[in-house]
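Novice: Got a structure for you, written out below as structure tokens; questions coming shortly.
The values are calculated or read from the model by the stated rules, or taken from the named source; none is laboratory data. Computed from a prediction, not measured in an experiment: that's the story for all the values here. Heads up, the Cβs are rebuilt from the backbone with ideal geometry, glycines too, and the neighbour counts pull from every protein chain shown. With ligands, DNA and RNA removed, areas are computed over all heavy atoms of the protein, side chains included. Shrake-Rupley method; radii C 1.70, N 1.55, O 1.52, S 1.80 Å.
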Amino acid sequence: MASGSVNPFNVSDSEEEAEPQRSDERSPGAVAPAGRSPGPFSPQAEQEPGALPFPNSRISPSADSAQGLPVVGVAGLGGGGAEPRVSVDAIAAQLLRDQYILTALELHTELLEAGRELPRLRDYFSNPGNFERQSGTPPAGKEPGLGPGGALNRAGSISTLDSLDFTRYSDDGNRESDERVAVLEFELRKAKETIQALRTNLTQAAECEIPSQERKNYKSSPEIQEPIRPLEKRALNFLVNEYLLKNEYKLSSITFSDENDDQDFELWDDVGLNIPKPPDLLQLYRNCGSSSHPSHRETADAAVGVDASDLPGDYIEVVQELEYQISLLNSEKQITIWLYDLHTFLWASISLLFVIQLSPAFHQALLSFCRMSADSRLGSEVSRIADSEESVMLMLGRCLPHIVPNVLLAKREELIPLILCTACLHPEPKERDQLLHILFNLIKRPDDEQRQMILMGCVAFARHVGPTRVEVELLPQCWEQINHKYPERRLLVAESCGALAPYLPKEIRSSLVLSMLQQMLAEDKADMVREAVVKSLGIIMGYIDDPDKYSQGFELMLLSLGDLSERVVVATHQVFIPAFAAWTVELGNLQAQLIPSLLSRIEKLLQQGEHSLDEHKLHTFLSALQSLIPPLFALVLQNAPFTSRAKLQSDITPIEVTRFPRPASPLQDVATIIGSREQLAVLLQLYEHQLQHEGTTGWDSLLWVVNQLLPQLIEIVGRINVASTTCVHEFSRFFWRLCRTFGKTFTNTKVKPQFQEILRLSEENVDASAGNGILTKATVPIYATGVLTCYNQEEDRKLLVGFLEDVMTTLSLSHAPLDSLKASFVELGANPAYHELLLTVLWYGVVHTSALVRCTAARMFELLVKGVNETLVAQRVVPALITLSSDPEISVRISTIPAFGTIMETVTQRELLERVKMQLASFLEDPQYQDQHSLHMEIIKTFGRVGPNAEPRFRDEFVLPHLHKLALGNNMQTAENKRMDIASQLFEAYSALSCCFISEEIMVNHFLPGLRCLRTDMEHLSPEHEVILSSMIKECELKVENRAIGEAQGSMSIAASLVGEDAKTKFLSKMGQLTTSGAMLANVFQRKK
């Protein structure tokens, strides 16, 4: 339908166009001739045979009239040359009379399209009263005989065959509600058309606000600028605000909106009615130069027509056949569907018959009214549609640079496939370079997901175009971004180097890419970038094949391991070292160069730092060695004598889950290095059989481990300072992983014998008075915690217990330092699984016949108490210490004091604390200990160590009073050396306790008197200490005085605050009684009379 611009309900339309039609439409008869057969679907076909059925149809219902009237619905006539014609007005009257409102409405619409408006229908449909339910007189303007007045329902919408909704017509028969909805839809559509027309009229009126005389003045005087029109001002305001928002000038946009509060900047229609939105300011600026010089392109118009002779010849027979098929349908639903098909086919056929034959010049002039301008860039692109793959690529290459800046940053990754596809297939290298540059600069700071999308695109591009174009086109883009200010962009470069490594020429991998990554590793300040660089270096090492690059790779490994960032070091162990080790295995350098180089650096480090060892560097080298254990074991398996016999079988025993230590990454998993877990299971079974039954003859890779690696490691361990807990722990973990990786058989037959030979723990050496030097080195704790704890079977635990008992006995009887034994207890005590085992070892010492061994056991309890739970302390530790505290040897009893002090420092159980307090009190108050100088020294030393951390009550009621007694008794000591020893220990203890909070009572009664006694000793023994003690005494006295003054001031402030609170309460209660009256508020502040 073409009624989009015609309003059939517009009652103000002129009737001049309808006047010429009225005389033609009035014919002598209002009924059809008798010989004419009515249509099968007319509701009045039986009652009124003379009425023309289906007046809204475009097809003549009979074959006789089809030749003369191909378009009955338009002409409204019937019959041949001799038959009388029925007027359209009569048809309309009949339709309105029979209440066929929808049919009449469609007839009215078609007549409007043909330019032949019928006054009867126009008046009827222009009067809304015809569609209201009324009772009484018929609506105004309705002629008599058109139906019962006031009983007419709202008719349905103009449901022509082109717009029929077949789902409305169900078999239930009642369609009143559907017809009412259809009428409302029609009225809404017409109302929208009216609003659109009003928009156009108002906009044109707004544009003509400036008087014509003023406009003539501006045109005659170009130097006088025409003032801005309101419409122009609102349009420019909208564009300026849009520009500010797009370019992140949000504050300026807010200010601008406030200054123009009469305009809605979120809705363009607020600018003007029916005004198309122009391009943004940037596009207007870019096109301002080109618009003044439009390019003149040669254009040509073409018209397409269809000749009537090309249509099927037997057209009337087709019409008759289709009408016959329609008459055979039984249901209303089927009739509607077939009628729609018939109408569609016939309308298309008739349209082809009536092609208007116009001259080409007229056609060209007519089409010029709808021709679009193709002078702009976008217009040029739109006007020529690509007709081949190459032209599509060329078009995308031209358009993408203009599309990307206008896409939201958060959604730009959606353009990646389009950019990559165009860059792959575009024939121009310059355009491809521009597109790849857009790809790497697509997002200012890409997040992880966006970077992954770009990397996947780069890999797909590389896979498609080959190594040469990757080198020429992609790598330069990476090189440009290597020093970008945003770390996310540099991170993209680092990840791209690794992702593209498999698709680069091998010469480029080992030269340009390696140099780029080395530079970024050394210079980049962002941890995440260096981490990505290390991972990409690992990937490069997996593809490099230039043996000359080994030294460069080794230096990169050391540089990565020495990085200050933990995440970079972790990435080195997880990715770079396994990949580098795999390459060295391929080169044959793992056992020949890589591991020996790290060992030599460790030895050199130990030689240089005998007094101040650089533990960080030692950790760096040793951790690298630890990461090389899995590839070393894989090399041993792959070069074993049984490798040729390793075949997959169905009865292979699966590998236990705990067979290997947990790998730091999949690249350190021995199964991954070998190839599969099944293949590894086969090799392990043959490996164990070879070690147990056939030996290592001819097994060069394993012999290197046994004869060169292990002896060198044991020698290095013997040179480590046993007091360095960190070094002991690092080497213990290294040997633990080495033994667990190479297996229990290897540990028992190859590792343990070498340690046992060096330690020489035999029965004849137990009573040696000279002692054994190696037992005081770090070899003892590393062997105990790194080798003997690898496996936790009963025999393994017995072996560990026996070794520790022998070491404790040997060191005690030889009067050797206990540092190695202490280091073993500290390292093992960190794991609660070994607490019971260590208590078993100590109980062996408690019941030992030698007092020296019992003393050593007592001192070892001090190390164990801190990590053992209170239940074990109560059940195992305290009973053992009580037993030792009643030992016949005074030295054994004195040795228990540090352990008792540690219990007071760490345990919270009241009963345990009371038992320990009673035992310490017996040491201090028992007369037999009055002259025990060593005991007093140990107690004072213990009090100074545990006093600051002990329970305050224990410190105030027990520690400080007894220190005061000891200081007072030391004043009467006659032996100068003993007096000095006690005074020195008291000075250390008081210095530590001075930092604690001490109550005024304890300060005055015990702390200050003890300090004064100590100062008396120091006046004669150590004048420099006497000065310090005098200042401490003054400071404590000042604290006491300030505390007394503060309490007095505090009581005054409390009284003042109480008075203030009382006044405030009264005031607030008075305020709470007020209402909103201002007079009452003023009365509050009036003086009482």
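Novice: How much of Met904 can a 1.4 Å solvent probe reach, expressed as accessible area in Å² and rounded to 10?
Specialist: My reading of the accessible area for Met904 is about 10 Å².
Novice: By the scheme Lys and Arg +1, Asp and Glu -1, what is the net charge of all other residues having a beta-carbon under 15 Å from that of Gly542? Show your work: numbers first, answer last.
Specialist: Working: positive: Lys506, Arg509, Lys535, Lys549; negative: Asp545, Asp546, Glu586.
Here the charged neighbours net out to +1.
Novice: Can you give the FRET efficiency for Asn707 and Lys744, using 1/(1 + (r/R0)^6), R0 = 25 Å, r = Cβ-Cβ distance, to the nearest 0.05? Display every interim value, and only then the final one.
Specialist: Working: r = 20 Å, r/R0 = 0.82.
Result of the calculation: an efficiency of 0.75.
Novice: If you don't mind, there's one more thing I want to ask. Volume per residue, Å³, of the convex hull around the alpha-carbon atoms of the stretch 387-515? Display every interim value, and only then the final one.
Specialist: Values: hull volume 12.7 nm³, N = 129.
Output value, Cα hull per residue: 98 Å³.
Novice: Set Lys and Arg Cβ to +1 and Asp and Glu Cβ to -1, take the dipole of the stretch 907-983 about its Cα centre, and tell me which of Ala975, Asn949, His962 lies farthest positive.
Specialist: Toward the positive end, the furthest listed residue is Asn949.
Novice: How much length is gained if the chain between Ile228 and Ala522 is pulled fully straight, taking 0.36 nm per residue apart and subtracting their Cα-Cα distance, in nm to one decimal? Don't skip to the answer; put the middle values down first.
Specialist: Details: separation 294, 0.36 × 294 = 105.84 nm, distance 6.19 nm.
Going from the current span to full extension adds 99.6 nm.
Novice: Would you give the gap between the C-alpha center of the stretch 659-697 and the C-alpha center of the stretch 574-645, rounded to a whole Å?
Specialist: So the separation of the two Cα centres works out to 18 Å.
Novice: Under the √(5λ) rule applied to the eigenvalues of the Cα gyration tensor, what semi-axes describe the equivalent ellipsoid of the stretch 587-636? Give them in Å, descending. Write out the running numbers ahead of the final one.
Specialist: On the way: eigenvalues 118, 26, 8 Å².
Calculated on Cα positions only, the semi-axes equal 24, 11, 6 Å.
Novice: Testing the spin-label approximation: label points 7 Å from Cα along Cα→Cβ at Asn247 and Thr974. State their distance in nm.
Specialist: Roughly 10.1 nm, to one decimal.
Novice: Now for a separate question. Multiply the residue gap between Val459 and Arg662 by 0.36 nm, knock off their C-alpha separation, and tell me the result in nm, one decimal place.
Specialist: Values: separation 203, 0.36 × 203 = 73.08 nm, distance 3.24 nm.
Gain in length upon complete extension: 69.8 nm.
Novice: Calculate, for His1020 and Gln909, the FRET efficiency according to 1/(1 + (r/R0)^6) with r their C-beta to C-beta distance and R0 41 Å; round to the nearest 0.05. Before the final figure, lay out the partial values.
Specialist: Working: r = 44 Å, r/R0 = 1.08.
In this case the efficiency is close to 0.40.
Novice: I need the Kirkwood Rh of the stretch 781-859: take the reciprocal of the average 1/r across all distinct C-alpha pairs and report it in angstrom. Mind dumping the intermediate values first?
Specialist: Values: mean 1/r = 0.0798 Å⁻¹.
When all Cα pairs of the stretch 781-859 are included, the Kirkwood radius is 12.5 Å.
Novice: Follow-up question, since we're still on this one. Which of the three applies to the stretch 561-624, rounded, prolate or oblate, going by the alpha-carbon gyration tensor with a ≥ b ≥ c and a/c under 1.5 meaning rounded? Write out the running numbers ahead of the final one.
Specialist: Details: a/c = 4.45, a/b = 1.30, b/c = 3.42.
Taking the square roots of the gyration eigenvalues as a ≥ b ≥ c, the stretch 561-624 is oblate.
Novice: Report the relative contact order of the stretch 907-994, percent, no decimals, based on alpha-carbon pairs under 8 angstrom and at least 6 residues apart.
Specialist: On the way: 46 pairs, mean separation 31.4, N = 88.
Dividing the mean separation by the residue count of the stretch 907-994 yields 36 percent.
Novice: How would Arg955, Arg445 line up by accessible area, probe 1.4 Å, largest first? Don't skip to the answer; put the middle values down first.
Specialist: On the way: Arg955 20, Arg445 120 Å².
Putting Arg955, Arg445 in descending order of accessible area: Arg445, Arg955.
Novice: I need the calculated FRET efficiency for the pair Glu1001 and Thr725, taking r as the beta carbon distance and R₀ as 51 Å, to the nearest 0.05. Each step should come with its number before you reach the end.
Specialist: Numbers: r = 42 Å, r/R0 = 0.82.
Result of the calculation: an efficiency of 0.75.
Novice: Sticking with this one: Kindly flag which residue pairs out of Lys549/Lys647; Lys798/Lys866; Lys822/Lys965; Lys444/Lys535; Lys604/Lys777; Lys777/Lys798 have an alpha-carbon separation exceeding 27 Å in this structure. Working shown, then result.
Specialist: Details: Lys549/Lys647 36 Å; Lys798/Lys866 24 Å; Lys822/Lys965 34 Å; Lys444/Lys535 23 Å; Lys604/Lys777 19 Å; Lys777/Lys798 23 Å.
Beyond 27 Å between Cα atoms: Lys549/Lys647; Lys822/Lys965.
Novice: To continue, here is another question. Classify the stretch 571-719 from the C-alpha gyration tensor, please: rounded if a/c falls under 1.5, else prolate or oblate depending on whether a/b exceeds b/c.
Specialist: Working: a/c = 2.26, a/b = 1.70, b/c = 1.33.
The shape class here is prolate.
Novice: Could you give the distance between the Cα centres of the stretch 494-572 and the stretch 85-124, to the whole Å?
Specialist: So the two Cα centres are separated by 86 Å.
Novice: Where in the stretch 608-637 does the amide nitrogen come within less than 19 Å of the point 7 Å from the Cα of Leu558, taken along Cα to Cβ?
Specialist: The answer is 608-610, 613-628, whose backbone nitrogens lie closer than 19 Å to the label point.
Novice: Let me ask something else. From Cα pairs below 8 angstrom and at least 6 apart in sequence, can you work out the relative contact order of the stretch 607-739, rounded to a whole percent?
Specialist: Values: 80 pairs, mean separation 47.4, N = 133.
After rounding, I find 36 percent.
Novice: Using only protein heavy atoms and a 1.4 Å probe, report how much of Val392 is accessible, in Å² to the nearest 10.
Specialist: Rounded to the nearest 10, the figure is 50 Å².
Novice: Rounded, prolate or oblate for the stretch 516-630? Axes are the square roots of the Cα gyration tensor eigenvalues, ordered a ≥ b ≥ c, and the cut-off for rounded is a/c under 1.5.
Specialist: Numbers: a/c = 1.96, a/b = 1.16, b/c = 1.69.
Note, shape of the stretch 516-630 comes out oblate.
Novice: Another question, if that's okay. Can you work out D for the stretch 889-1020 in µm² s⁻¹ from Stokes-Einstein, where Rh is the Kirkwood radius over C-alpha pairs, the temperature is 25 °C and the viscosity is 0.890 mPa s? Please report the intermediate quantities before stating the final value.
Specialist: Values: Rh = 14.9 Å.
In µm²/s, the coefficient is 165.
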